[in-house]
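Visitor: Below are the structure tokens for one structure; questions will follow.
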Amino acid sequence: MSRFLEVVVAAATLLAIPAAAHAQDATAGEKVFAKCKACHMVGDSARNRIGPHLNELFGRTAGTIEGFNYSKAMKEAGASGLVWDEETLGHFLANPRASVKGTRMAFPGLKDEGDVSDLTAYLKRFSKQADTAPAEEASAPVVEPEARAEGKAPTPEEKTAIVRPIPTHGVLHLGRPATEQEITAWDIDVRPDGLGLPEGSGTVMEGEPLYTERCASCHGDFGEAIGRWPVLAGGFDTLTRERPVKTIGSYWPYLSTVYDYIRRAMPFGDARSLTDDEVYALTAYVLYLNDVVTDQEFELSKENFTSIELPNEDGFVVDDRLSEPHYAEAADPCMRNCKPGKAKITMHAAVLDVTPEDGNEDEASGGSID
Amino acid sequence: MTEMKSSRRSFLKGGLTAGAAAAAAAVSGRAMAEGDPAITEVQDWNRYLGDGVDARPYGHPSQYESHVVRQDVPWLTADPISSVNFTPLHELDGIITPNGLCFERHHAGIADIDPAQHRLMINGLVETPLVFTMGDLMRFPRENHVYFLECAANSGMEWRGAQLNGCQYTHGMVHCVMYTGVRLKHLLREAGVKESAKWLLAEGADASAMTRSLPLEKGLEDCLVAWKMNGEALRPEQGYPLRLVLPGWEGNMWVKWLRRIEVGDKPWHQREETSKYTDLLANGKARRFTWVMDVKSVITSPSPQAPITHGKGRAVLTGLAWSGNGAISRVDVSLDGGRNWTTARLDGPSFSKALHRFYHEFDWDGSELFLQSRAIDEKGFVQPTKNELRAARGENSIYHNNGIQTWHVAKDGAVENVEIS
């Protein structure tokens with residue numbers, strides 16, 4: 001049989017199978033439903049009892065039958081988008097309390113996967129929306145066609161091949177578990193307590209040529225910066241001045257931020273191109289430019305990293321804007337005669353024309369955005 | 001007109017507009033006798049055919065609106081790749097910012113991401129670290145919300161006094177759109193946040209790999225992971241295909257090109273929350289984790305880029321107000337530099353943590369005006385004056401300048417950014 005034909009036959013078989021398979025399953029499912037009857041009803045005379053009635057269950061958003069006293073958990077699951085279908089119901093029936101934490105349904109769940117699938121098939125009889133086979137069945141993995149073509153009942157292995165593996169995480173079971181390799185590839189952040197630092201080391205001496213080659217064109221040979229690129233070094237005791245110079249040495253609270261930032265975003269335009277050891281060496285060199293270390297032989301490593309403190313670590317306070325007088329003492333604002341005399345201009349806009357043609361570069365002293 | 005000629009180009013623009021208005025007035029004078037040629041003569045668009053439906057598959061504004069664009073100020077930053085441009089607030093109305101006019105701020109250029117290759121990872125202190133595709137995210141329950149986004153450094157150039165002549169430059173690092181996305185709490189619940197978790201780290205996929213720490217409570221409260229703005233896909237410069245939305249909080253935290261949320265028990269102290277986006281006070285100490293954007297407003301017209309060109313008589317003053325604390329309850333305007341105030345008319349929808357539009361219609365007698373607006377939010381916070389802010393913080397904070405703005409309207413209708421007594 002050609003590959004093409006195989007697929008066609010397989011598809012045709014799959015489309016033909018569900019009705020027969022469900023008919024058989026549903027009969028078995030009726031017996032399984034005996035375990036549910038104490039609380040749930042289906043059929044013409046069904047009403048809510050200890051549990052909600054299960055007519056038109058497929059396509060119903062969880063926790064939405066009016067007048068039934070659902071658990072908070074079930075209502076929230078519905079509000080989050082839990083809609084009953086073959087997959088969600090199968091997952092719930094297998095372990096109700098794990099699936100919807102806080103559900104009032106005391107039933108511990110059906111241990112046998114066959115029972116679950118039989119029961120859902122039975123319940124579908126009472127839901128109009130479930131009459132048409134869901135599209136996902138047609139796109140399910142193709143199974144060996146021969147056995148089906150001869151009308152034999154599917155073996156247990158074939159049944160599991162049709163049923164998609166039921167994800168167990170979360171509430172809606174969306175997304176997939178991340179692999180260790182994936183997390184390692186992206187999770188490169190470093191915290192002040194050293195969490196996230198990679199193995200490795202680098203010295204001031206190793207950092208110097210790297211810095212000259214990769215960093216100095218913007219940050220200057222001594223961290224003094226070219227143009228408006230960030231100044232990296234110096235600026236000590238300037239934070240209370242009219243023009244503070246905020247550098248790694250004068251302003252940054254933690255060395256981990258230096259390592260983290262070089263590693264994730266530098267050099268500008270060629271991020272992630274430095275090795276972990278090179279980042280250690282550059283971080284050591286920046287410490288040297290700021291006189292935090294003075295020995296050219298100094299080696300920064302994962303082991304000694306958290307022993308380095310930056311001068312301005314204690315220079316930061318919590319957000320206390322609300323204690324400022326204009327907020328703390330807020331009263332009804334003045335509406336009439338709020339200030340004496342006529343308004344007089346004390347300062348005009350320094351930069352009347354913000355477009356660059358007429359040499360406004362000098363006006364940059366007026367302020368900055370960053 | 002001599003006063004206008006002596007000033008620089010933004011005034012000239014105003015002058016030209018005023019000249020055009022004068023010409024129109026002359027025409028309407030003649031029209032008394034002969035009729036306005038705009039009416040009496042058959043116009044080209046009234047005679048000849050226009051473009052067909054196949055000419056503009058993605059529509060764009062009229063050619064007569066080509067001046068309504070974002071503008072940058074090259075000297076502000078070292079390089080346009082890591083820089084900012086400004087929303088033309090003076091040309092807009094209502095509360096929604098058109099997608100193509102939302103100001104841009106990025107730190108390593110606009111990432112160009114194939115959504116089929118985009119992933120969102122949740123890792124750290126969770127039961128199951130997860131990876132979502134864009135398709136996975138769209139299977140979560142969606143919500144639509146209108147929020148303003150303001151850069152913490154909006155008006156940051158004005159701390160030391162009046163600097164830039166136009167509300168586009170003084171206040172244009174704000175925009176307001178409707179986002180469509182999923183609540184971050186749903187994604188976190190899917191991964192199962194562990195008991196010890198207190199903080200989140202959001203990370204972008206661009207070449208700056210932008211990162212910010214935020215408290216878990218905010219993530220569970222109202223944060224969205226969004227993929228649409230104003231009904232269509234996020235613009236690349238706004239984070240296509242995915243961005244974080246933190247209603248009412250400073251724009252830098254709304255990480256664009258969002259690829260990862262890490263759950264942890266302490267903040268990470270990343271570059272943009274230590275070296276940047278910390279508010280240096282006069283005493284040399286700096287506030288950190290200053291997230292909320294305070295109550296603020298600005299008159300968008302008249303303003304330096306939108307002078308009064310019609311002369312004396314009926315005039316419309318309009319502007320925007322917003323607060324990270326919730327909805328705006330009231331806006332007052334003053335025409336005399338804060339001596340006397342009148343409550344303006346708020347119009348249009350009022351959404352929490354969104355822009356609000358206000359109007360004040362008045363008869364202008366042709367005398368000089370000092371225009372100010374003062375917003376009050378639903379929590380009762382009143383927009384402070386710039387001098388109140390300077391008294392409390394000094395002039396080196398850069399961020400969170402929500403002081404009251406003054407526009408001077410000269411007798412000829414030209415408008416300038418000033419500070420007053």
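Visitor: When the stretch A:263-292 is examined, which residues are found to be closer than 13 Å to residue A:197 by Cβ and surrounded by fewer than 23 Cβ atoms within 10 Å (Cβ to Cβ)?
Guide: Residues satisfying the conditions are A:276, A:277.
Visitor: Turning to a different aspect of this structure: Free of Cβ contacts under 8 Å to residues at least 40 places away in the same chain, within 30 Å of residue B:272 (Cα to Cα) and either of a type outside the set (Asp, Glu) or open to solvent by less than 30 Å² (accessible area, probe 1.4 Å) (or both), is that true of residue B:387?
Guide: On the way: free of Cβ contacts under 8 Å to residues at least 40 places away in the same chain: yes; within 30 Å of residue B:272 (Cα to Cα): yes; either of a type outside the set (Asp, Glu) or open to solvent by less than 30 Å² (accessible area, probe 1.4 Å) (or both): yes.
For residue B:387, the condition - free of Cβ contacts under 8 Å to residues at least 40 places away in the same chain, within 30 Å of residue B:272 (Cα to Cα) and either of a type outside the set (Asp, Glu) or open to solvent by less than 30 Å² (accessible area, probe 1.4 Å) (or both) - is met.
Visitor: A further question follows. For the subset of the stretch A:209-228 comprising residues that are touching a residue at least 40 places away in the same chain (Cβ under 8 Å) and outside any helix (DSSP H, G or I), which member is farthest from residue A:247 (Cα to Cα)?
Guide: A:215
Visitor: While we're looking at this one, here's another question. Looking at the stretch B:44-75 only, could you name the residues that are part of a helix (DSSP H, G or I) and either modelled with pLDDT of 95 or more or under 18 Å from the mean Cα position of the chain (by Cα) (or both)?
Guide: B:44, B:45, B:46, B:47, B:63, B:64, B:65
Visitor: I've got another one for you. For the stretch A:106-205, which fully contained helices (runs of 4 or more DSSP H) count at least 1 residues that are modelled with pLDDT of 95 or more and either among the aliphatic types (A, V, I, L, M) or crowded, with 16+ Cβ neighbours inside 10 Å (or both)?
Guide: So the answer is A:180-186.
Visitor: Another one. Scan the stretch A:72-98 for residues that are open to solvent by less than 20 Å² (accessible area, probe 1.4 Å), touching a residue at least 40 places away in the same chain (Cβ under 8 Å) and assigned to a helix (DSSP H, G or I) and report the count.
Guide: Selection size over the stretch A:72-98: 2.
Visitor: Within the stretch B:78-88, work out how many residues are among the aliphatic types (A, V, I, L, M) and either surrounded by fewer than 19 Cβ atoms within 10 Å (Cβ to Cβ) or assigned to a loop (DSSP other than H, G, I, E, B) (or both).
Guide: Adding up the residues that qualify gives 2.
Visitor: Checking residue A:242 against (1) under 19 Å from residue B:269 (Cα atoms); (2) of a type in the set (Asp, Glu); (3) more than 32 Å from the chain's Cα centre (by Cα), which test does it fail?
Guide: (1)
Visitor: For the stretch B:338-361, give me the residue count where each residue is open to solvent by 20 Å² or more (accessible area, probe 1.4 Å) and more than 10 Å from chain A (Cβ to nearest Cβ).
Guide: Here the count works out to 12.
Visitor: Can you pull out every residue in the stretch B:390-407 that is open to solvent by less than 20 Å² (accessible area, probe 1.4 Å) and over 18 Å from the mean Cα position of the chain (by Cα)?
Guide: Passing the criteria: B:393, B:394, B:397, B:406, B:407.
Visitor: Further, regarding this structure: Just to be sure before I move on: is residue B:264 within 14 Å of chain A (Cβ to nearest Cβ) and free of Cβ contacts under 8 Å to residues at least 60 places away in the same chain in the structure I sent? Don't jump to the end; show me each part of the working.
Guide: Numbers: within 14 Å of chain A (Cβ to nearest Cβ): yes; free of Cβ contacts under 8 Å to residues at least 60 places away in the same chain: no.
No; evaluated as a whole, the condition is false for this residue.
Visitor: Something else: If you take the residues in the stretch B:289-337 that are among the hydroxyl-bearing types (Ser, Thr, Tyr) and more than 13 Å from chain A (Cβ to nearest Cβ), which one is farthest from residue B:150 (Cα to Cα)?
Guide: B:309
Visitor: Another one. Among the numbered criteria (1) in contact (Cβ under 8 Å) with a residue 40 or more places away in the chain; (2) surrounded by fewer than 23 Cβ atoms within 10 Å (Cβ to Cβ); (3) facing chain A (nearest Cβ under 9 Å); (4) of a type in the set (S, T, N, Q), which one does residue B:270 miss?
Guide: Just one mismatch for residue B:270, condition (2).
Visitor: Regarding the stretch A:224-245, can at least one residue be identified that is surrounded by fewer than 18 Cβ atoms within 10 Å (Cβ to Cβ) and more than 12 Å from chain B (Cβ to nearest Cβ)?
Guide: Yes, the conditions are met somewhere in the stretch A:224-245.
Visitor: Here is a check on your reading of the model: is residue B:88 farther than 30 Å from residue B:184 by Cβ and touching a His at 6+ places or on another chain (Cβ under 9 Å)?
Guide: yes
Visitor: Still on this structure, please answer the following. Which pairs do you get when a residue that is in a loop (DSSP other than H, G, I, E, B), found in the stretch A:233-244, comes within reach of a residue that is of a type in the set (Gly, Ala, Ser), reach meaning Cβ atoms under 6 angstrom, with the pair 6+ apart or on two chains?
Guide: Matching pairs, first to second residue: A:233/A:223; A:233/A:249; A:235/A:250; A:236/A:250; A:239/B:284; A:240/B:284.
Visitor: Right, next: Please list, ordered by first then second residue, the pairs with beta carbon atoms under 8 Å, 6 or more apart or interchain, first in the stretch A:332-346 and more than 7 Å from every other protein chain (Cβ to nearest Cβ), second in a loop (DSSP other than H, G, I, E, B) and open to solvent by less than 100 Å² (accessible area, probe 1.4 Å).
Guide: From the stretch A:332-346, the pairs are A:334/B:341; A:341/B:421; A:342/B:337; A:342/B:339.
Visitor: From the list B:413, B:380, B:366, pick out the single residue that is surrounded by fewer than 21 Cβ atoms within 10 Å (Cβ to Cβ), away from chain A (no Cβ under 14 Å) and not in a strand (DSSP E or B).
Guide: B:366
Visitor: Now for a separate question. For residues that are of a type outside the set (A, V, I, L, M, F, W, C), open to solvent by less than 90 Å² (accessible area, probe 1.4 Å) and away from chain B (no Cβ under 14 Å), tally how many sit in the stretch A:300-329.
Guide: The total comes to 4.
Visitor: Residues that are closer than 30 Å to residue A:180 by Cα, open to solvent by 30 Å² or more (accessible area, probe 1.4 Å) and within 14 Å of another protein chain (Cβ to nearest Cβ), at least 2 per element: which strands (runs of 3 or more DSSP E) completely within the stretch B:89-185 meet that?
Guide: B:119-124
Visitor: If you don't mind, there's one more thing I want to ask. Tell me, please, whether a residue that is modelled with pLDDT under 80, under 41 Å from the mean Cα position of the chain (by Cα) and open to solvent by 50 Å² or more (accessible area, probe 1.4 Å) can be found in the stretch A:47-64.
Guide: yes
The values are calculated or read from the model by the stated rules, or taken from the named source; none is laboratory data. As the structure is a computational prediction, the values presented were derived from the model and not from experiment. Please note: Cβ atoms are built from the backbone with ideal geometry, for glycine as well, and neighbour counts cover all protein chains shown. Accessible surface is based on the protein model in full, side chains and every heavy atom, while ligands, DNA and RNA are left aside. Shrake-Rupley method; radii C 1.70, N 1.55, O 1.52, S 1.80 Å.
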